[in-house]
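Enquirer: Could you have a look at this structure, given as structure tokens, before my questions?
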Amino acid sequence: MTTFVDRVELHVAAGSGGHGCASVHREKFKPLGGPDGGNGGRGGDVILTVDQSVTTLLEYHHSPHRKATNGKPGEGGNRSGKDGQDLVLVVPDGTVVLDKQGNVLADLVGHGTSYVAAQGGRGGLGNAALASARRKAPGFALLGEPGDLQDIVLELKTVADVALVGYPSAGKSSLISVLSAAKPKIADYPFTTLVPNLGVVTAGNTVYTIADVPGLIPGASQGKGLGLEFLRHVERCSVLVHVLDTATLESDRDPVSDLDIIEAELKQYGGLDNRPRIVVLNKIDVPDGKDLAEMVRPDLEARGYRVFEVSAVAHIGLKELSFALADLVGRARAAKPKEEATRIVIRPKAVDDAGFTVVREDAGGEPLFRVRGEKPERWVRQTDFNNDEAVGYLADRLNRLGVEEELMKAGARSGDGVAIGPEDNAVVFDWEPSVMAGAEMLGRRGEDHRLDTARPAAQRRRDKQAERDEAQQEFDDFEPF
């Protein structure tokens, strides 16, 4: 059974915003007390947050589809809908977020670091929020926006100071088990270690973490063996330790050739040339291993490597190795630039930025004018096209934004097609300058004939009074014979 996963594809969906409510306040003697429709609630976000108690992405391997809750619709009586609940997904420290094309979206390092993977949709405004002096009682409300849908890839890169690399069964697991309190699986067959193991080492006043990366073999950088799966765990380490087996039973191997092969794989993987290296000649407790270590040590030192002869089983040379690694880790930490407080960067909009663009396209020989921009696309998503008054409101907003003027400048004529939005999800209509969309039929601007309608009870009283006046007039006009 799989117990460790360091790469998953995740499908996340943010919550959609709730629709606004179109309502008119009603009570006795106030049949049209004014609009009181509430706003819809905001949809929940999908947020990735680092939790150091989590060490694997296994949970998302089994359940890759995650969705936040939707916002609730608004209600009458100026009651706004409830916001959707954010969905917080905990990930291990060192998780990298990428899109489907491999572009890095976020690098999550440090407990509590978070990233919004999918943004929840805005709630629609109710008709109470849409009321104005020009439109006193809107008979429509705005729709809630749909939440973002994202397909992302999560990759875990171990956050450690030191990485142990080498052939399978070179003794990396044994070494980390005696240098730290980690208890990895240890056996005398290849690929015993199937997951990276982390251990904490204390050397004097320095505390650092050490990672045992599963065994590399020739061709690891191209996917052979387990190398390609776990080479990414070496990227964050400050120091690389080559663990070389001096007591191997394979006749075609020796410590120097093992070192050359592993270095070639690291070079082909890329990005690790500037990391300091240390060579550890392991298993010197074996007589043949001690002799071989003494033979190859001068050659390795001539190449510029610091060489340590150790035995994880007999606990030989471990203290010197531990303090040497602590010294290198301390230097790497001191060389890192100091973290500065996050600065807020304000980028004001250019004075000539209209917030949208109009581009002429040809659709089957007929001109098509495509409008792209955050505001017009959002307004279209929030419009209920089954409501003429809502469509009229959209037309007014687009006109105030300057869309109609830009269409004229682009050469649009009456009857030409206009598309608002991307190609795969656009609203297309035939353009008519200053189109009458239905809202204008309510009367002149600033007027609403519905507010002038007499109340039914009062009208009945007026009718009865008119009948009595007419009867009285007939009585007054009656002349006896």
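Enquirer: On the basis of being modelled with pLDDT under 75, touching a helix residue (DSSP H, G or I) at 6+ places or on another chain (Cβ under 6 Å), assigned to a loop (DSSP other than H, G, I, E, B) and not hydrophobic (A, V, I, L, M, F, W, C), does P218 make the cut?
Expert: Spelling it out, P218 is indeed modelled with pLDDT under 75, touching a helix residue (DSSP H, G or I) at 6+ places or on another chain (Cβ under 6 Å), assigned to a loop (DSSP other than H, G, I, E, B) and not hydrophobic (A, V, I, L, M, F, W, C).
Enquirer: Quick check on K72: is it at pLDDT 95 or above, among the basic types (K, R) and in contact with a Lys or Arg (Cβ under 7 Å, 6 or more places away or on another chain)?
Expert: Taking the combined requirement at face value, the residue satisfies it.
Enquirer: Follow-up. Just give me the residues in the stretch 60-79 being among the basic types (K, R) and open to solvent by 50 Å² or more (accessible area, probe 1.4 Å), in sequence order.
Expert: Hits for the stretch 60-79 are K67, K72, R79.
Enquirer: Given the options E361, E377, E366, E320, name the one that is of a type in the set (D, E) and under 30 Å from H233 (Cα atoms).
Expert: E320
Enquirer: Residues in the stretch 267-284: is at least one more than 26 Å from V201 (Cα to Cα) and either touching a Pro at 6+ places or on another chain (Cβ under 7 Å) or at pLDDT 90 or above (or both)?
Expert: The answer is no; no qualifying residue exists.
Enquirer: Separate question: Can you tell me which residue within the stretch 251-266, out of those that are assigned to a loop (DSSP other than H, G, I, E, B) and under 20 Å from S311 (Cβ atoms), is modelled with the lowest pLDDT?
Expert: Once the filter is applied, the top-ranked residue is R253.
Enquirer: Just wondering, is there one or more residues in the stretch 107-120 that are in contact (Cβ under 8 Å) with a residue 12 or more places away in the chain, crowded, with 24+ Cβ neighbours inside 10 Å and more than 30 Å from S238 (Cβ to Cβ)?
Expert: Yes, that holds for at least one residue.
Enquirer: Considering only residues that are part of a loop (DSSP other than H, G, I, E, B) and within 24 Å of T248 (Cα to Cα), look in the stretch 146-169 and name the one that is most open to solvent (accessible area, probe 1.4 Å).
Expert: The residue in question is S169.
Enquirer: Shifting gears a bit: Return the total of residues in the stretch 379-396 being within 33 Å of the chain's Cα centre (by Cα) and loosely packed, with under 15 Cβ neighbours inside 10 Å.
Expert: 1
Enquirer: Mind counting the residues in the stretch 175-203 that are under 24 Å from V256 (Cα atoms) and either open to solvent by less than 10 Å² (accessible area, probe 1.4 Å) or at pLDDT 85 or above (or both)?
Expert: Number of matching residues: 2.
Enquirer: Within the stretch 248-273, which residues are buried (at least 19 other Cβ atoms within 10 Å of the Cβ) and under 23 Å from P298 (Cβ atoms)?
Expert: Within the stretch 248-273, T248, P255, D258, L259, I262 qualify.
Enquirer: Right, another one. Suppose we filter L149, L125, L143, L130 for residues that are on the phi < 0 side of the Ramachandran plot and in contact with a strand residue (DSSP E or B) (Cβ under 6 Å, 6 or more places away or on another chain); which single one remains?
Expert: Exactly one residue qualifies, and that residue is L149.
The values are calculated or read from the model by the stated rules, or taken from the named source; none is laboratory data. Since the model is a prediction, treat every value here as computed from it, not as a measurement. Here the Cβ is made from the backbone with ideal geometry for all residues, glycine too, and neighbour counts use every protein chain on show. We work out accessible area using only protein heavy atoms, side chains counted, and drop any ligands, DNA or RNA first. Shrake-Rupley method; radii C 1.70, N 1.55, O 1.52, S 1.80 Å.
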